[in-house]
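Input: a single structure, listed below in structure tokens.
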Amino acid sequence: MQNYQFHGPRTVGEALNILSERGDGCRIIAGGTDLIPALRNEDILPDSVLNILEIDELTGISEEGDTIRIGPTTTFTEIIQSQVIKRSLPLLVEAASSVGGPTIRNRGTIGGNICNGSPAADVLPAVVALDGELELQSKALGTRIIPAAEAVEAPYQTRFNRDELLTGILIKKLPSETRYAFEKLASRNAMARAYMNISIVLKLDEKGAFSDLRIVPGTLEAVARRMSAAEKILMGRQPEDSLVEEAADAFVGDLAGVWIPDYKLPVARSVFKRVLKRALNGSGVE
Amino acid sequence: MKKRGLGVGCMFYGIGFGFSRQDISAATIEICEDGSVIVRSGEVDYGQGSDTIFCQMVGEELGIPYDSIQLITADTFTTPNAGPTTASRVTYVTGNAMVKAARAVKETMQSVAEDILGEGDLVFMDGEIRSEYPDKRISFRDLAKTCHARGVQIVETAWQDITTKDVDPETGQGDAYATYGWASQLAEVEVDTETGRVEVLRIIAAHDVGKAINPSNVEGQIEGGVLQGMGYALTEEIVQEGGYLKTGSLGDYMMPTSMDTPRIDSHIVEVADPDGPYGAKGVGEPALIPTAPAILNAICDALDIRVTELPANPENIKRLILEKGKEEEAS
Amino acid sequence: MAGKEDKVLLRMKVNGEEAEVAVKPTWTLLRVLREELGFTGTKKGCEQGDCGACTVIMDGKAVNACLVLALQAESKEIETIEGLGTADALHPLQKSFIEHGAVQCGFCTPGMLMSAEALLRENRKPSLEEIKIGISGNLCRCTGYTKIIKAIESVSQKNREALTPFRGQ
């Protein structure tokens, strides 16, 4: 491992000062489940490593009106065990439960999952499907909020400025009767990188037609995004079998070629239909 | 859709090196003046439990508790060569050396005991040597002391050679190995036809081990072998690209986790081998050999598709399902 | 401020005792436990969080010691296998592992035990499925997990019985 300086600030203010001074050569570490292997393999060679785990402001889950605020250093285990998340954002519990094994979930954080920008992230697509927003802070720009869908530019590359710190994940509580489903396909039942995962959040109006719908796959593309072609077909219409087939075709057609080995397309089609059906059959949040 | 299938895999497997390759092992047993027993052998226990069964064997012969025996193994400075821990040979070869050495020591001690207790049926058990008369007995410790006082040799080294004849070079026929393990395993799988993912629900494994010296160890070997066979069948793969290993870490090379573990029912079959120690053979490698064929047969039962390439991971299974669909459409 | 090459003083608690070590910023908790403090019961396996051989309990949670920078362990309470039990006074889990033949080569065993201990502290009576999840970050190549799961199940069962009030009186 290349030598680096270690910074352990206790407040966001201190962290922002360090980032503003050392921006380019500085890497932020939280749970370290992605960063430490990257340091060891010398995939990254930072001058400084900034530990944000001791900043109290950055951890925990709180309700602010109709919004749930999740601190970026909140671990997957804390998300799984949170009553607030279980009640209002159960999709996140499913996505977080599918990450690694317990030792990884005890250490890995939601902020890390977003900022690492891995195409194989399990939680980031769920945050996008939940229409989450990210609060970023820096000395230069102060506080700004961007949609989670815009966080990642390319694999392992975020759109954040070098001196910016993710300080909160903001997700609106799901309106009542919103339905959701998540499924991860992998070669084994734990400690597995996803072949693919799909998060779906939807709502039906009183006529049973889609009135709200977000479909976000993971690992199928370089960057997690909403599958707008499939969403467009379904919106405003009732989920009949023929329509679901049409949407499934659009879903598969929307996936860019490079990231998908041939075999994945028919599988992605099946998994999409399965997740959509599961969401439709689910009881929805209260 | 999820489809279930059952499949059987059967195997026999040669124990030891076979094919005229030299296959020898040695063990030394020394009885100390205070009655303690020191066993030396170059055999390595790397988890399969050979140390435990060596102590069981020596304890059985000398009538002393197995945990009172001091075992020194795998140290070229102090132990005789026993060959490597491979080829499922350790119990069969080194186990025999252990029994032979223990019996040689016992024979000497028995003659001294007969001198003390008088001739008759002497038995070595519970740390003493008893005759049919209840008052005529001597503790193992006292007998050891007497042997030492009399200057009797109670250190013995035994040599076991199971090198076989080669097979006929013209016909390939012959009896290549000293003995053979036999096994059948039955696999029950569930295949997700949409994703191509195979879940193993249950494995029933019946293994002829000759004699289970330590049944719990044998089960451990079977259960471990089954999961290795399952990994071999479904997920584990060495991938190279341009000469570089792409699966060089445990995050890339997918071995089964606790959550992939199916129910495993082990059945120990004991058909004693005339030349094995107490009839024992070997189980190390046999445990994993029938698993992959059983799983592939179960997949075939579920899908009517014969898998000929491993691993049978979702990619390969889904490809085969799609190919079959096309063929059926065409015909 | 300390330079990149300089060592920094790390204070933490290991198995209930204060430990003070001068560490380099690049060192992991695993390296400090094994090489500086001599707690070699914590095994060094893959060093990237894939195998679980280095599992220790940090502030009550099972973590991979290879995925914690030493300086991130400042002021934390670490428990290693050495703190779980001794040869003379085995922990119930250790006893159960021996009784059930759950140890073969032994390399995964310390990490497996620490994961099991962390699980039982949070959930005294885990179900079979919960046990499988609890140790799913710990790979074992020898046992096929079956006897390990049974060993933990047996402790869970004993906890269950101990917690069940006696009926019929």
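Key figures
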item: Among residues of segment A:266-286, those that are crowded, with 17+ Cβ neighbours inside 10 Å and either of a type in the set (K, R) or within 14 Å of chain B (Cβ to nearest Cβ) (or both), counted; result: 11
item: Residue in segment B:183-196 that is modelled with pLDDT of 95 or more and exposed (fewer than 15 other Cβ atoms within 10 Å of the Cβ) present; result: no
item: Hits in segment B:10-33 (condition: farther than 30 Å from B:T171 by Cβ and either crowded, with 22+ Cβ neighbours inside 10 Å or of a type in the set (F, W, Y) (or both)); result: B:S25, B:A26, B:A27, B:I29, B:I31
item: Unique residue being farther than 23 Å from C:C46 by Cβ, in contact with a Phe, Trp or Tyr (Cβ under 6 Å, 6 or more places away or on another chain) and either free of Cβ contacts under 8 Å to residues at least 12 places away in the same chain or buried (at least 23 other Cβ atoms within 10 Å of the Cβ) (or both) when the list is B:G220, B:G276, B:G210, B:G242; result: B:G276
item: Top-ranked residue in segment B:116-164 [being touching a Cys at 6+ places or on another chain (Cβ under 9 Å) and outside any helix (DSSP H, G or I); ranked as surrounded by the fewest Cβ atoms within 10 Å (Cβ to Cβ)]; result: B:Q153
item: Pairs with Cβ under 6 Å, 6+ apart, first in segment C:127-143 and more than 7 Å from every other protein chain (Cβ to nearest Cβ), second crowded, with 24+ Cβ neighbours inside 10 Å; result: C:I131/C:I152; C:N138/C:G52; C:N138/C:C108; C:N138/C:G111; C:N138/C:M112; C:N138/C:S115; C:C140/C:C108
item: Every pair of residues 6+ apart whose Cβ atoms lie under 7 Å, when the first sits in segment A:131-143 and is in a loop (DSSP other than H, G, I, E, B) while the second is surrounded by 18 or more Cβ atoms within 10 Å (Cβ to Cβ) and among the basic types (K, R); result: A:D131/A:R214
item: One residue from A:E153, A:E133, A:E177, A:E164 being away from every other protein chain (no Cβ under 14 Å), at positive phi and of a type outside the set (F, W, Y); result: A:E177
item: Test: residue in segment B:63-72 that is over 23 Å from B:I24 (Cα atoms), free of Cβ contacts under 8 Å to residues at least 60 places away in the same chain and within 14 Å of another protein chain (Cβ to nearest Cβ); result: yes
item: A:T67 vs. criteria modelled with pLDDT of 95 or more and out of contact with any helix residue (DSSP H, G or I) (no Cβ under 9 Å at 6 or more places or on another chain); result: yes
item: Complete set of residues in segment B:34-60 that are surrounded by fewer than 18 Cβ atoms within 10 Å (Cβ to Cβ), touching a Cys at 6+ places or on another chain (Cβ under 9 Å) and away from chain C (no Cβ under 14 Å); result: B:I38
item: Selection status of B:E43, farther than 18 Å from B:G282 by Cβ and in contact (Cβ under 8 Å) with a residue 12 or more places away in the chain; result: no
item: Failed criterion for A:D212 (all others in (1) free of Cβ contacts under 8 Å to residues at least 24 places away in the same chain; (2) touching a strand residue (DSSP E or B) at 6+ places or on another chain (Cβ under 7 Å); (3) of a type in the set (D, E) hold); result: (1)
item: Test: residue in segment A:49-58 that is within 21 Å of A:E164 (Cα to Cα), within 20 Å of the chain's Cα centre (by Cα) and away from every other protein chain (no Cβ under 13 Å); result: yes
item: Sole exception among (1) more than 7 Å from chain A (Cβ to nearest Cβ); (2) basic (K, R); (3) free of Cβ contacts under 8 Å to residues at least 24 places away in the same chain for C:K4, by number; result: (1)
item: Residues that are closer than 19 Å to C:T55 by Cα and either away from chain C (no Cβ under 14 Å) or in contact (Cβ under 8 Å) with a residue 12 or more places away in the chain (or both), drawn from segment A:98-128; result: A:V99, A:G100, A:G101, A:P102, A:I104, A:R105, A:N106, A:R107, A:G108, A:T109
item: Filtered residues of segment B:205-249 (kept if touching a strand residue (DSSP E or B) at 6+ places or on another chain (Cβ under 9 Å), part of a loop (DSSP other than H, G, I, E, B) and under 26 Å from B:L296 (Cβ atoms)); result: B:V209, B:I238, B:V239, B:K246, B:T247
item: Matching option when the condition is outside the structural domain of A:T33 (by TED's automatic domain parsing), touching a helix residue (DSSP H, G or I) at 6+ places or on another chain (Cβ under 7 Å), at pLDDT 95 or above and more than 19 Å from A:D122 (Cα to Cα), among A:A190, A:A248, A:A209; result: A:A248
item: Segment C:19-34: number of residues that are within 20 Å of C:A62 (Cα to Cα), surrounded by fewer than 23 Cβ atoms within 10 Å (Cβ to Cβ) and not hydrophobic (A, V, I, L, M, F, W, C); result: 2
item: Any hit, segment B:152-175, residues being modelled with pLDDT of 95 or more, under 30 Å from B:I264 (Cβ atoms) and under 27 Å from the mean Cα position of the chain (by Cα); result: no
item: Some residue of segment B:314-327 being away from chain A (no Cβ under 14 Å) and outside any helix (DSSP H, G or I); result: no
item: Set C:L90, C:L37, C:L84: member being within 19 Å of C:G134 (Cα to Cα), more than 10 Å from chain A (Cβ to nearest Cβ), surrounded by fewer than 22 Cβ atoms within 10 Å (Cβ to Cβ) and of a type outside the set (D, E, K, R); result: C:L84
item: Lone unmet requirement of (1) surrounded by 23 or more Cβ atoms within 10 Å (Cβ to Cβ); (2) more than 10 Å from chain C (Cβ to nearest Cβ); (3) part of a strand (DSSP E or B) for A:E63; result: (1)
item: Test result for C:A118, within 14 Å of chain A (Cβ to nearest Cβ), assigned to a helix (DSSP H, G or I) and either out of contact with any His (no Cβ under 8 Å at 6 or more places or on another chain) or at pLDDT 95 or above (or both); result: yes
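Conditions (1) closer than 18 Å to A:L19 by Cβ; (2) buried (at least 18 other Cβ atoms within 10 Å of the Cβ); (3) not assigned by TED's automatic domain parsing to the domain that holds A:R274, marked per residue:
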site: A:G108; (1), (2), (3): no, yes, yes
site: A:L124; (1), (2), (3): no, yes, yes
site: A:L130; (1), (2), (3): no, yes, yes
site: A:G142; (1), (2), (3): yes, no, yes
site: A:T167; (1), (2), (3): yes, yes, yes
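The values are calculated or read from the model by the stated rules, or taken from the named source; none is laboratory data. For clarity, every value in this text was computed on a predicted model and none was experimentally measured. A quick note on method: Cβ atoms are made from the backbone with ideal geometry, for glycine too, and the neighbour counts reach across all protein chains shown.
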